[in-house]
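Quick notes on the structure that follows.
The values are calculated or read from the model by the stated rules, or taken from the named source; none is laboratory data. Please read these numbers as outputs of a predicted model, since none were measured by experiment. Positions of Cβ are backbone-derived with ideal geometry, glycine not excepted, and every protein chain shown enters the neighbour counts. Areas reflect the complete protein model, heavy atoms only, side chains present, ligands, DNA and RNA absent. Shrake-Rupley method; radii C 1.70, N 1.55, O 1.52, S 1.80 Å.
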Amino acid sequence: VPFAAGFTGDAADFGLSRLRSEKYRGFVFATFNPEAPTLEEYLGPAASLIDRTVEMSPMGKVRLDAGWLKHRLRANWKMVVEGVVDGYHPDYVHTSLFRTVDYHFEAKGVESSTAPSPLARDWGGGHVEIDFAPTLKEQLAWFNVSPDRYPNYISAMKAAFGEQGAHERLIAGPSHALIFPNLLLAEMNIVIFEPIRVGETIQWNTPLLLDGVGEELNERIIRNGQAALGPGSFIIPDDAVMIERTQMAIEGRGRWIDLSRGLNRERVEDGIRVGVMYDDVAGRGFWRQHASLMAVSA
Ligand SMILES: [Fe+2]
């Protein structure tokens with residue numbers, strides 16, 4: 001693998017002189033591959049996914065020091081990735097959550113031609129995203145609060161990015177994106193996948209805290225993180241069941257899995273494949289990159 005996200009930028013920490021690391025906006029990526037491209041080349045246009053997340057802070061700086069929750073999943077790491085970039089499952093797997101809190105995006109169904117749908121994008125290189133922005137109309141809707149709840153945050157964003165720049169960022173919210181292979185920008189959480197063995201993965205999760213904002217905002221980010229990431233929460237326990245059952249279903253069976261959903265309506269914009277959230281655009285993007293890396297050249 002050319003690059004993977006990790007926890008330290010200093011190769012000396014590993015005692016491994018062959019490890020090469022580079023940073024982008026504070027995120028550290030490392031590789032053992034001497035022929036890997038530069039990080040800039042590796043990320044390509046998908047660097048903007050990291051920009052979007054980091055620029056939820058008026059200072060363009062985030063912190064990951066609220067503590068990490070770890071979940072051990074009895075599944076291959078690729079099953080875990082597939083589960084978190086799939087936009088088809090939330091309506092079914094997370095029904096209990098959506099019955100409890102207000103939907104923060106409007107899911108009108110894939111066949112509707114008039115209502116906007118969250119989009120799925122394949123940025124190339126295995127970097128993929130689900131983008132809720134097309135369905136969000138109010139500032140901070142992605143945070144499930146009204147715009148007047150955090151006036152100081154909104155003022156700070158305006159001071160940093162201007163009226164229009166702040167407005168766009170506060171409407172769109174942070175990324176939900178996989179930076180291939182193992183970094184998930186999960187809205188206001190950061191997730192890293194650590195493969196342990198073929199059928200076992202540890203999923204590391206931490207709230208994404210923002211620099212340059214009041215602590216009451218970061219408090220809410222931590223509380224939301226607990227509701228989404230904790231062992232008694234809504235999101236990850238449900239995902240874990242889904243992912244582990246998928247693993248059990250395919251284990252030892254060399255059968256094909258159909259990832260063609262929405263292939264007929266996928267389009268290419270500026271070199272980026274785009275479809276709706278309910279299609280397998282992101283899954284295909286991930287597997288395409290994985291297949292290209294695993295292919296043995298003659
Ligand atoms: Fe999920």
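Observations, loosely collected:
- When residues of the range 13-48 are limited to those that are assigned to a helix (DSSP H, G or I) and farther than 20 Å from residue 293 by Cβ, the one modelled with the highest pLDDT: 48
- Test: residue in the range 250-260 that is away from the ligand (no atom under 16 Å from the Cβ) and closer than 16 Å to residue 120 by Cβ: yes
- Within the range 164-215, the set of residues being more than 22 Å from residue 131 (Cα to Cα) and β-branched (Val, Ile, Thr) comprises 196, 198, 201, 202, 213.
For (1) at pLDDT 95 or above; (2) open to solvent by less than 20 Å² (accessible area, probe 1.4 Å), each residue gets a yes or a no:
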position: 69; (1), (2): no, no
position: 80; (1), (2): yes, yes
position: 86; (1), (2): no, no
position: 91; (1), (2): no, no
position: 94; (1), (2): no, yes
position: 98; (1), (2): no, no
position: 107; (1), (2): no, no
position: 110; (1), (2): no, no
position: 115; (1), (2): no, no
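- Residue count, the range 166-187 (criterion: in a helix (DSSP H, G or I) and open to solvent by 10 Å² or more (accessible area, probe 1.4 Å)): 5
- The residues on offer are 200, 244, and the sole one that is within 16 Å of the ligand (Cβ to nearest atom), open to solvent by 20 Å² or more (accessible area, probe 1.4 Å), in contact (Cβ under 8 Å) with a residue 12 or more places away in the chain and touching a Leu at 6+ places or on another chain (Cβ under 9 Å) is 244.
- Test: residue in the range 150-161 that is in contact with a strand residue (DSSP E or B) (Cβ under 9 Å, 6 or more places away or on another chain) and open to solvent by less than 20 Å² (accessible area, probe 1.4 Å): yes
- All positions within the range 216-241 that are away from the ligand (no atom under 16 Å from the Cβ) and open to solvent by less than 30 Å² (accessible area, probe 1.4 Å): 217, 218, 221
- Residue match in the range 123-144 (condition: under 19 Å from the mean Cα position of the chain (by Cα), open to solvent by less than 20 Å² (accessible area, probe 1.4 Å), of a type in the set (A, V, I, L, M) and farther than 15 Å from residue 85 by Cβ): yes
- Across the range 67-102, the qualifying residues are those that are part of a helix (DSSP H, G or I), within 19 Å of residue 184 (Cα to Cα) and among the charged types (D, E, K, R), and the one among them that is farthest from the ligand (Cβ to nearest atom) is 78.
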